[in-house]
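Note sheet for the following structure.
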Amino acid sequence: MITLTPKNEFRFPIIAECINPDIFYGKTPKEIEELGIWEGNKQKKLGELFKVEETKMENPEGKEIITINGNVSKVRRIGAGMKSGEIIVHGDVGMHLGEEMKGGKIIVHGNVGGWAGSMMKGGTIEIHGNVGDYLGAPYRGSSEGMRGGKIFVYGNVGNEAGAYMKNGLIKIYGNAGQFLGLRMRDGTIYVQKDSGGRVGACMKGGKIVIGGFLEFVLPTFTIESIKEKVKIEEGETVAGPFYLFLGDLVENGEGKLYVLKEKNPHLSHYERLL
Amino acid sequence: MELLIRNGFVYDPINGVDGEKMDIAVKDGKIVERVNERKAKKIDASGMIVMPGGVDIHCHIAGSEVNSGRLLRPEDHFRDFERKTAVTRSGVGYSIPSTFTTGYRYSRMGYTTIMNPSMPPLEAKHTHEELSDTPMVDKASYPLLGDWWFTLEYLRDGKIEECARHVAWMITSTKGYAIKIVNPGGLEAWGFGGNVKSLDDQIPYFCITPREILRGLCKVNRLLNLPHTIHVHTNNLGKPGNYLTALETMKCVEDLASDNKPAIHITHCQFSAFKGSDWRTLESGAEEIANYVNAHSHVTLDMGQVIFTDTTTMTADGPFQYTLYELSGNKWVNHDVETETSAGIVPFHYRRKSYVHAIQWSIGLELALLIKDPWKIFLTTDHPNGGPFTSYPKIIAWLMSRKAREAALKRINPRARSRSLLPSINRELSFKEIAVMTRAGQAKALGLKNKGHLGLGANADIAIYNLNPETIDPSRKFRTVRKAFKRAAYTIKNGKIVVKNGEIVKHLEGATMWLDVKVSESAKITEDMRRRFREYWTVECENYPVTENYLEVSHPINVEAKV
């Protein structure tokens, strides 16, 4: 297990794609210290900014575990493209955490910046804190959203979470911002608490479940029925009853939007359309 | 500076040199008979191919349309970027590279002259500013005149000579090089939400048909003695069954050709060679077009080859781009350039497994292989519409090797594979034919007298590729061919070595070529024209022309018109 500790507080953005279990695997702490990272516009070595310590422990599957202790909220692209292993962070993390990750696990005990799990293809991200905007969304302009994997957030998330999502699961145990599941095509998003407006705008498929208050449903969604329970993933269902809306009709979409009936009495006028 | 290229296998089709071992001498940017051997810098090209610098007749590399494409596609750039070096500036790719990167990438492939088609006259200043920032290559631009109000009016009234004078004024004041016609009539109709479906459809408010525009501008082209023919993007482009329109377009100017000279250039012909009644029954119309072109001498074509990749389509053909948006559902731009023309941009991914895309891929290669005379068909991808220009080496490999084509065929949509004509074509092009399709033929069609060949007095634009035609069999070693054409061993521009082993070693500004058309009686800027500029354009007539100081390196070409 490798433990990284920031040597002092960072003033400039740091791009550190090398903090990745696949890259660390099989390397000695000395070699890890030599890996290149960018601080602002200066090329630096990992060892100049982080203290690298190795703790001998049994790695039965031959996977590397990286622990980061401290505030790395200015450090971007941690775990980008990782395929296996584990990263555990005790502190806040910067943008692009686990961008395009294909496997493995990232656990954060703190808050995370924008674009966490962006363009993710597999693996798991667990965040015990709040997350910025564009959770699991693609790079600016791209339409390649999340294609697999799971993201669990125990705090709140910002806007446009799960935009262009094609597969996978995002579970948010707090509140979500606006435009949740924008242009989503498939996959599942579950929000346990409240969500901002314009949920599922331009969605073509997939499933969004809101377990809290939703101010309004977009007028381009039509009510389908009332469901007693909703399946989130294999072996997990949430009890309702839920209003089921279909949309977004602007895009001829067949996405499903479930909104908890109990928390949303102001949507009861939809019932007479059933 | 003197330069001597020794012992290369020279391919110079215009001067009838086909792979002979010879020396090429260069002095002050020109090819000369001999140089002082002791003083001259020598390049040992033994075991290498020496060709004239590449010429690209059709690639969208500058202008407001290309720039909107750049803005539209941040995701296109972020995976493909180039750091600055001691010589070059930084930039991004992929399908719409930034201006500097465009120049560098062309130069690395041994290209030295490129033509930017489709410049809306109103955006001429913008286009020229971008062209000035495109280094390493000489370039020129074609103004869009097929749907220009004044042209339409002159042609409607049958005033060919007045029209010619007006076109001369337009070409000179936009600093253009040829007459570009995009979907004649269709763009004007698109202003009213419509399109034209055949060569004999009337255009709203102008009482004129695409046929009359094509014939009229073809006559104008001859009256003005322009070096290139009219450069035509056909009606109905990208619609199943449009090969008939393409044939009709070629036929409609058949009688206007003389002296066996071409009268029309059909650009990105692949997009105009679809047979079938809808996308499901789409087939290749390459055979019919090839048969026609083989039997006639008044047509030149370029391929518009499709590459299986993620690219950005952009044309002045607004209605076609709208169709493409409806097909793909991608983000898009559609623009009506005031009274002049339209434009559209849609990102597009050509997929191997898609039946339509695979057929399109096949059509481009079929055209190039079925047309017997390489002087009539040129290698392009209609960059970036069919794919980025950086894939030219791939196409060269496909054209030179049946094995390469079979390897690609194995991976495409099975239904498209069974319908493709490619398995039945055994032809493999030689290095000479490739030299014609990528430089000599294009230079000849463009009327560039000092380019595309290595004769005495020609510009010293030379590409040297690390390939030995005596030892290598391109039909089997197609990967080596592809690699060699991707990174030229040397590119020489204006007698200076600018690329060595695929890396830029010298930054050089290329010239912008434009036609200074001399007419006996210059076009009248009537009060009516001024009034209309004031009423309908955002730019006053006086501010409209591009002045020469807009061009970083200006290279006017004098043309004596017959009117």
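The values are calculated or read from the model by the stated rules, or taken from the named source; none is laboratory data. Being a predicted model, the structure only gives us computed values, none of them experimental. Note that we place each Cβ from the backbone using ideal geometry, even for glycine, and neighbour counts take in every protein chain shown.
Quick notes
- Scanning the stretch B:74-104 for residues that are surrounded by fewer than 23 Cβ atoms within 10 Å (Cβ to Cβ) and either of a type in the set (Lys, Arg) or touching a Cys at 6+ places or on another chain (Cβ under 9 Å) (or both) yields B:ARG79, B:ARG83, B:LYS84, B:ARG89.
- Exactly one residue out of B:GLY69, B:GLY53 is at pLDDT 95 or above, in contact with a strand residue (DSSP E or B) (Cβ under 7 Å, 6 or more places away or on another chain) and among the small types (Gly, Ala, Ser), and it is B:GLY53.
- Residue under evaluation B:ILE57, criteria (1) out of contact with any helix residue (DSSP H, G or I) (no Cβ under 6 Å at 6 or more places or on another chain); (2) surrounded by 20 or more Cβ atoms within 10 Å (Cβ to Cβ); (3) aliphatic (A, V, I, L, M), criterion not met: (1)
- Residue within the stretch B:244-265 that is closer than 16 Å to B:LEU379 by Cα, more than 14 Å from chain A (Cβ to nearest Cβ) and in contact (Cβ under 8 Å) with a residue 60 or more places away in the chain present: yes
- Listed conditions (1) on the phi > 0 side of the Ramachandran plot; (2) of a type outside the set (Val, Ile, Thr); (3) without any contact (Cβ under 8 Å) to a residue 40 or more places away in the chain; (4) surrounded by 23 or more Cβ atoms within 10 Å (Cβ to Cβ) are all met by B:PRO210, apart from (1).
- Qualifying helices (runs of 4 or more DSSP H) (wholly inside the stretch B:333-450; at least 2 residues being among the acidic types (Asp, Glu) and closer than 29 Å to B:ASN466 by Cα): none
- The condition of being polar (S, T, N, Q) and closer than 24 Å to B:ASP138 by Cα holds for only one of B:ASN36, B:ASN15, that being B:ASN15.
- Of the residues B:ARG439, B:ARG479, the single one that is within 18 Å of B:MET400 (Cβ to Cβ) and buried (at least 18 other Cβ atoms within 10 Å of the Cβ) is B:ARG439.
- Just so you know, in the stretch B:328-348 the residues that are under 21 Å from the mean Cα position of the chain (by Cα) and within 13 Å of chain A (Cβ to nearest Cβ) include one that is surrounded by the most Cβ atoms within 10 Å (Cβ to Cβ), and it is B:ILE345.
- Residue in the stretch A:55-68 that is under 23 Å from the mean Cα position of the chain (by Cα) and among the hydroxyl-bearing types (Ser, Thr, Tyr) present: yes
- A single member of B:TYR392, B:TYR325 is within 14 Å of chain A (Cβ to nearest Cβ), of a type in the set (Ser, Thr, Tyr) and either free of Cβ contacts under 8 Å to residues at least 24 places away in the same chain or crowded, with 22+ Cβ neighbours inside 10 Å (or both), and it is B:TYR325.
- Only residues that are over 16 Å from B:ILE181 (Cα atoms) and in contact with a Pro (Cβ under 8 Å, 6 or more places away or on another chain) were counted in the stretch B:201-240, giving 1.
- Within the stretch A:134-145, the only residue that satisfies the criterion of being among the aliphatic types (A, V, I, L, M) and either touching a Leu at 6+ places or on another chain (Cβ under 9 Å) or within 12 Å of chain B (Cβ to nearest Cβ) (or both) is A:ALA137.
- Residue in the stretch B:15-35 that is modelled with the lowest pLDDT, counting only those that are among the β-branched types (Val, Ile, Thr) and under 19 Å from B:ASN494 (Cβ atoms): B:VAL35
- Of the residues A:ILE125, A:ILE107, A:ILE87, the single one that is within 14 Å of the chain's Cα centre (by Cα), away from chain B (no Cβ under 14 Å) and surrounded by 19 or more Cβ atoms within 10 Å (Cβ to Cβ) is A:ILE125.
- The residue of the stretch B:250-293 that is surrounded by the fewest Cβ atoms within 10 Å (Cβ to Cβ), among those that are within 21 Å of the chain's Cα centre (by Cα) and of a type in the set (S, T, N, Q), is B:THR267.
- Residues in the stretch A:128-180 that are more than 22 Å from A:GLY212 (Cβ to Cβ) and among the aromatic types (Phe, Trp, Tyr) were compared, and the one that is surrounded by the fewest Cβ atoms within 10 Å (Cβ to Cβ) is A:TYR139.
- Selection of first residues in the stretch A:73-99 that are under 13 Å from A:ILE127 (Cα atoms) and of second residues that are hydroxyl-bearing (Ser, Thr, Tyr), restricted to Cβ pairs under 6 Å at least 6 apart or on distinct chains, gives the following pairs, ordered by first then second residue: A:ILE88/A:THR67; A:ASP92/A:SER73; A:GLY94/A:SER73.
- Qualifying residues in the stretch B:60-98 (those that are among the aliphatic types (A, V, I, L, M) and within 14 Å of chain A (Cβ to nearest Cβ)) - the one nearest to the chain's Cα centre (by Cα): B:ILE96
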